[in-house]
Every structure is written in C-alpha cells, then in structure tokens.
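Undergrad: Take this structure first; my questions come after.
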Amino acid sequence: MFIFHSFSEADTLRLGHIFGSLLSTTKSMSGLTVLLFGPLGSGKTVFVRGVCEELGTSARSPSFTLINEYHAKDNTLIIHADLYRLAPGDMRDIGLGEQEDCVTFVEWPERWTSLPRENTLTVRIEPVGENERLFEIFSAGDAGDAGDAGDSGLMRLISDALGA
C-alpha cells in the first residue's frame with residue numbers, strides 16, 4: 001500500500017501526473033482498472049485529469065455522461081466512468097468492463113456489482129481537512145485479496161517515484 005498526503009488541488013494533480021507517467025512506462029497499462037473511492041469533492045476527477053494530462057490528453061467529469069473515452073498519445077484507450085447517478089441494477093446496461101484493451105478509471109465503484117478482481121488498483125481518497133486529502137493506493141493483493149501479482153510492480157514504481 002502507498003499513502004500520499006495532498007494539501008491542495010495542485011498536489012492531487014501532481015499525484016495524477018506521476019501515476020500517469022508510471023503507467024506510460026509499464027507494459028501493464030492496457031487492461032488495468034483503477035477504482036476511485038471517496039466522497040463528493042474529494043479529488044477523484046482531479047486525479048484522473050492529472051493522469052490524462054501526463055498521457056497526452058485531457059479529461060472532464062463524466063458525471064452526466066456516465067462514461068468518457070479519451071485516447072492517450074500512444075493511442076491507448078482510456079475509459080473514465082462516474083457511477084454516482086446509477087443504481088447497481090443499471091450497470092449491465094452501460095457496458096463497463098467489456099473493453100479489455102484499455103485503462104479504466106471508475107469513480108463510485110461501490111455501485112458496480114461485479115468489480116474486476118485482476119489487474120486492479122484501488123485509490124481511496126479521504127478528506128482530512130478543508131484542503132488536505134489522504135490517498136491510499138493499493139492492489140487487490142495489498143488489501144489481502146487474491147489479486148493479480150502484476151500490480152505489485154506498479155506499486156513499487158509509485159513508491160519509488162514519490163520517495164516513499
């Protein structure tokens with residue numbers, strides 16, 4: 001598990017940039033799912049925006065469209081979903097998780113009834129003050145589940161890049 005304290009939106013954007021840079025250097029980018037847990041206004045979309053900027057594209061909140069698609073500079077498909085407005089039964093109608101050759105970011109994944117178990121990272125964001133956020137990033141294996149061991153390489157890169 002990796003823990004990062006953000007004291008501003010700029011810090012959160014920076015963490016997204018670092019994460020995006022690391023994704024672009026790993027061979028496991030395609031097929032990766034990143035689950036983003038946190039309350040409204042915690043910085044989930046800002047984090048994804050930082051990742052996308054680093055990968056050569058821009059991101060916007062998918063709150064009303066539910067799913068946005070972007071293309072990284074290497075043409076990797078990035079799917080960005082916001083499930084806040086969905087009931088769990090609505091998930092089967094939007095096709096999330098059907099695309100395998102992409103990287104997927106999911107805000108409000110607790111509404112997804114069949115979360116992926118492999119090649120998945122979880123980002124938990126906890127507000128601890130007006131501007132301060134605590135980010136916990138871990139793979140399924142770090143959480144004690146039987147996750148994909150391939151995630152541990154990305155976790156080491158994140159830790160090294162941030163000097164943890």
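Undergrad: Go over the candidates H17, H5, H80 one by one and state the one that is in contact (Cβ under 8 Å) with a residue 60 or more places away in the chain and outside any loop (DSSP other than H, G, I, E, B). First the steps, then the outcome.
TA: Working: H17 fails: in contact (Cβ under 8 Å) with a residue 60 or more places away in the chain; H80 fails: in contact (Cβ under 8 Å) with a residue 60 or more places away in the chain.
Every option except H5 fails the conditions.
Condition check ((1) farther than 25 Å from V128 by Cα; (2) touching a Ser or Thr at 6+ places or on another chain (Cβ under 7 Å)) across all residues:
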| residue | (1), (2) |
| --- | --- |
| M1 | no, no |
| F7 | no, no |
| H17 | no, no |
| C52 | yes, yes |
| L55 | yes, yes |
| S58 | yes, no |
| H71 | yes, yes |
| T76 | yes, yes |
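Undergrad: Here's a follow-up. For residues that are out of contact with any helix residue (DSSP H, G or I) (no Cβ under 9 Å at 6 or more places or on another chain), aliphatic (A, V, I, L, M) and outside any loop (DSSP other than H, G, I, E, B), scanning just the stretch 97-136, find the one that is surrounded by the fewest Cβ atoms within 10 Å (Cβ to Cβ).
TA: L134
Undergrad: While we're on this one: For the subset of the stretch 18-40 comprising residues that are in contact with a Gly (Cβ under 8 Å, 6 or more places away or on another chain) and surrounded by 19 or more Cβ atoms within 10 Å (Cβ to Cβ), which member is nearest to V103 (Cα to Cα)?
TA: So, considering only residues that are in contact with a Gly (Cβ under 8 Å, 6 or more places away or on another chain) and surrounded by 19 or more Cβ atoms within 10 Å (Cβ to Cβ), the one nearest to V103 (Cα to Cα) is T33.
Undergrad: Only one residue in I67, I79, I137, I125 is modelled with pLDDT of 70 or more, of a type in the set (V, I, T) and in contact with a Lys or Arg (Cβ under 7 Å, 6 or more places away or on another chain). Which one?
TA: Being modelled with pLDDT of 70 or more, of a type in the set (V, I, T) and in contact with a Lys or Arg (Cβ under 7 Å, 6 or more places away or on another chain) holds for just one of I67, I79, I137, I125, which is I125.
Undergrad: Further question: When you scan the stretch 1-17, how many residues do you find that are crowded, with 18+ Cβ neighbours inside 10 Å, among the small types (G, A, S) and over 15 Å from L121 (Cβ atoms)?
TA: Matching residues across the stretch 1-17 total 1.
The values are calculated or read from the model by the stated rules, or taken from the named source; none is laboratory data. A quick note: this is a predicted structure, and the numbers were derived from the prediction, not measured. Because the Cβ atoms are built from the backbone with ideal geometry, glycine has one as well, and the counts that use them run over all protein chains shown.
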